[in-house]
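S.K.: Quick one: the structure is below, questions incoming.
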């Protein structure tokens with residue numbers, strides 16, 4: 001399974017990004033890490049270029065909310081991305097808000113899995129289960 | 001006119017600079033009071049110098065901060081520069097300075113030195129008559145350091161590697177080397193007029209599980225790049241690692257090797273100082289615990305034998321500290337230093353030998369690079385992963401080295417990536433760690449290891 005990952009926008013927080021890469025590798029994924037400070041177009045371009053199965057976007061400073069609104073619109077311009085699994089995680093708002101409000105919002109933006117302040121391994125377990133179920137469905 | 005002077009005239013013919021008077025600035029530096037030179041205070045070697053961090057947008061607030069520091073018995077004043085100036089965006093800095101002046105709200109996270117200009121800033125610096133250290137994070141600091149020296153700031157922090165790899169994703173590293181070459185030359189030339197201008201490298205890097213071997217290699221290389229341009233006073237630095245023994249070993253090795261390599265390039269006459277940063281990682285939110293951590297850092301700095309300590313505050317976890325909290329740390333640190341008497345001498349020969357072996361191997365690999373000048377050798381070495389900084393966001397960094405803490409909280413290298421560390425060193429490092437875990441547990445350990453002070 002191929003995963004493209006990175007931190008969206010002008011966010012430069014690199015620690016978790018590096019740990020996500022290590023963990024995905026350990027779980028047997030082929031990882032294409034775009035690092036911090038990555039724009040949506042760069043994510044989609046990389047997904048097309050690598051033929052990725054999963055796009056895992058992360059955010060620490062919360063600016064993801066501003067960017068995520070444009071996901072659907074931008075993704076429509078790419079012909080081969082209809083089946084890609086869209087995942088987002090980290091701190092998904094600036095300041096604080098309840099997961100009950102945040103998760104449906106991001107699902108509407110076009111994400112299949114949304115992790116707001118969820119432990120890394122718990123999130124990756126959920127992703128693996130989701131991929132398994134999808135395969136059998 | 002030589003090429004450097006031509007370049008200086010271009011840099012200083014900037015719409016944000018109010019007519020730079022080269023001759024007047026030279027006269028000012030030539031006649032400047034020796035009290036303004038940190039190199040003078042290092043030479044006196046009376047005590048460990050205490051320097052806080054701090055910068056406010058307006059002249060009035062910066063002046064007030066300095067007054068607080070002086071009342072708290074500060075040794076070295078900081079001048080921290082705002083982030084717009086660091087990115088050479090003087091237009092935004094100017095606008096935000098005006099907004100800050102017109103209201104109580106600070107719209108900048110530091111002092112926009114270029115916008116204030118040297119004529120204004122010099123008044124403040126000569127008023128307090130204390131050495132000032134320029135703290136920034138600027139890849140292209142040419143205009144900034146010209147303004148700083150003209151203002152009476154005779155210590156310049158930074159360097160092409162240490163101000164780039166921790167802070168930027170894609171600013172071109174080769175350009176940073178050339179911009180810093182200019183800085184070194186200007187500092188070297190002014191140093192001929194009076195006491196030396198001190199250059200200081202930024203050893204903490206990403207402050208996230210950076211192993212001493214990498215810190216020392218980068219400190220030594222920035223030192224050599226500076227000395228080869230004629231700088232005569234240089235400070236190498238590192239930050240608290242989390243293990244007292246590891247800090248003492250790092251201090252001992254960096255001092256020995258700095259003299260050794262300076263001698264190797266015929267710069268044995270330069271003065272090399274050691275600077276220690278109090279814990280640079282995530283701080284506890286409990287302010288009493290934060291004070292305890294700061295105090296512990298001071299004790300370790302004394303054990304390390306640092307010439308200067310750079311302080312944090314009890315408000316570190318919550319944002320930019322107030323001037324009151326900042327001054328309080330200075331007073332407390334001075335008090336702790338005053339009562340730390342009769343320190344034992346600790347030498348760990350086995351650890352020193354192991355670390356020296358690693359640093360020398362990487363230095364040799366850098367020197368053996370086929371490029372013709374030192375900066376190109378260093379550039380190539382970062383590009384090919386001979387030097388790898390854990391948790392750097394920069395695209396040029398390899399990010400293949402993996403480090404964890406051992407039982408005593410020493411930072412150990414368990415995966416070396418492309419860094420040419422000897423097998424004997426790696427075996428020693430790995431022997432200190434429990435490697436029978438799966439990667440998931442190691443990742444959890446790393447998360448713990450990063451946040452040990454919280």
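Since every read-out is calculated from the coordinates, none of them should be taken as a lab result. Just so it is clear, the structure is predicted and the values come from calculations on it, not from any experiment. Ideal geometry is used to build each Cβ from the backbone, glycine not excepted, and the neighbour counts take in all protein chains shown.
S.K.: For region B:76-147, what class follows from the C-alpha gyration tensor (a ≥ b ≥ c being the square roots of its eigenvalues): rounded when a/c is under 1.5, otherwise prolate if a/b is larger than b/c, else oblate? Present the calculation step by step, with values, prior to reporting the outcome.
M.R.: Details: a/c = 1.75, a/b = 1.20, b/c = 1.45.
Note, shape of region B:76-147 comes out oblate.
S.K.: Which order, highest average first, do A:39-52, A:74-87, B:36-49 follow once you tally other Cβ atoms within 10 Å for each residue and take the mean per peptide? Present the calculation step by step, with values, prior to reporting the outcome.
M.R.: Details: A:39-52: 16.4, A:74-87: 14.2, B:36-49: 18.4.
The peptides rank, most packed first, as B:36-49, A:39-52, A:74-87.
S.K.: Specify the inter-centroid distance of region B:119-167 and region B:32-77, based on alpha-carbon positions, in whole Å.
M.R.: Using only Cα atoms to place each centre, the spacing works out to 13 Å.
S.K.: Still on this structure, please answer the following. Can you tell me the orientation of helix B:439-450 relative to chain B, as the angle in degrees between its alpha-carbon axis and the longest Cα principal axis, to the nearest 10?
M.R.: With both axes taken from Cα atoms, the answer is about 40 degrees.
S.K.: Could you state the angle between the C-alpha long axis of helix B:118-128 and the longest principal axis of the C-alpha atoms of chain B, as a value from 0 to 90 degrees rounded to the nearest 10?
M.R.: For helix B:118-128, the angle is close to 70 degrees.
S.K.: Using only Cα atoms, find the angle between the long axis of helix B:3-12 and the longest principal axis of chain B, and express it within 0 to 90 degrees, rounded to the nearest 10.
M.R.: Once rounded, one gets 70 degrees.
S.K.: Test of understanding: ordering B:233, A:23 by Cβ neighbours within 10 Å, fewest first, what list do you get?
M.R.: With the sparsest Cβ surroundings first, the list reads A:23, B:233.
S.K.: Another question, then. With n ≥ 4 as the cut-off for DSSP H runs, can you work out [θ] at 222 nm for chain A, using -39500 (n - 2.57) per run divided by the number of residues, rounded to the nearest 500?
M.R.: Working: 6 runs with 61 residues, N = 137.
It comes out at -13000 deg cm²/dmol, rounded to the nearest 500.
S.K.: Then there's this: Is the shape of region B:1-137 rounded, prolate or oblate, going by the alpha carbon gyration tensor and its root eigenvalues a ≥ b ≥ c, with a/c under 1.5 for rounded and a/b larger than b/c for prolate?
M.R.: Oblate, because a/c is 1.5 or more while a/b does not exceed b/c.
S.K.: Here's another thing I want to ask about it. Could you please rank B:146, B:400, B:6, placing first whichever residue has the fewest other Cβ atoms within 10 Å of its Cβ?
M.R.: On the way: B:146 24, B:400 13, B:6 10.
Final ranking by Cβ density, sparse to dense: B:6, B:400, B:146.
S.K.: Follow-up. Compute the Rg to Rh ratio over region B:350-450 from the alpha carbon atoms, using the Kirkwood formula for Rh, and round to two decimal places.
M.R.: Expressed as Rg/Rh, it is 1.00.
S.K.: Hey, another quick one. In whole angstrom, how far apart do the alpha carbon centroids of region A:21-88 and region B:376-434 sit?
M.R.: Each part's Cα centre sits 28 Å from the other's.
S.K.: Can you give the calculated 222 nm mean residue ellipticity of chain B, where each DSSP H run of n ≥ 4 adds -39,500 (n - 2.57) and the sum is split over every residue, rounded to the nearest 500 deg cm²/dmol?
M.R.: Calculated mean residue ellipticity at 222 nm is -15500 deg cm²/dmol.
S.K.: Going by a ≥ b ≥ c, the root eigenvalues of the Cα gyration tensor, does chain B fall in the rounded group (a/c under 1.5), the prolate group (a/b larger than b/c) or the oblate group? All intermediate terms of the calculation are to be shown ahead of the outcome.
M.R.: Details: a/c = 1.58, a/b = 1.30, b/c = 1.21.
In terms of gyration-tensor shape, prolate.
S.K.: Same structure again: Averaged across the residues of A:6-19, what count of C-beta atoms belonging to other chains lies within 10 Å of each residue's C-beta? Don't jump to the answer; show the numbers that get you there.
M.R.: Working: counts 0, 2, 0, 0, 1, 1, 5, 2, 11, 11, 1, 3, 9, 7.
For peptide A:6-19, the averaged partner shielding equals 4.
S.K.: Based on the mean of other beta carbon atoms within 10 Å per residue, what is the order of A:101-112, B:354-365, most packed first?
M.R.: Details: A:101-112: 16.1, B:354-365: 19.7.
Going by the mean number of other Cβ atoms within 10 Å, highest first, we get B:354-365, A:101-112.
S.K.: Would you mind ranking B:238, B:391, B:68 so that the residue whose beta carbon has the fewest other beta carbons within 10 Å leads the list? Please report the intermediate quantities before stating the final value.
M.R.: Details: B:238 27, B:391 24, B:68 20.
Fewest to most other Cβ atoms nearby, the residues stand as B:68, B:391, B:238.
S.K.: Can you give the average number of partner chain beta-carbon atoms within 10 Å of each beta-carbon in peptide B:441-449, as a whole number?
M.R.: Mean inter-chain Cβ contacts per residue within 10 Å come to 3.
S.K.: Per-residue mean of other chain beta-carbon atoms within 10 angstrom of the beta-carbon, peptide A:106-112?
M.R.: Details: counts 0, 0, 0, 0, 0, 0, 0.
Taking the mean over all residues of the peptide, I get 0.
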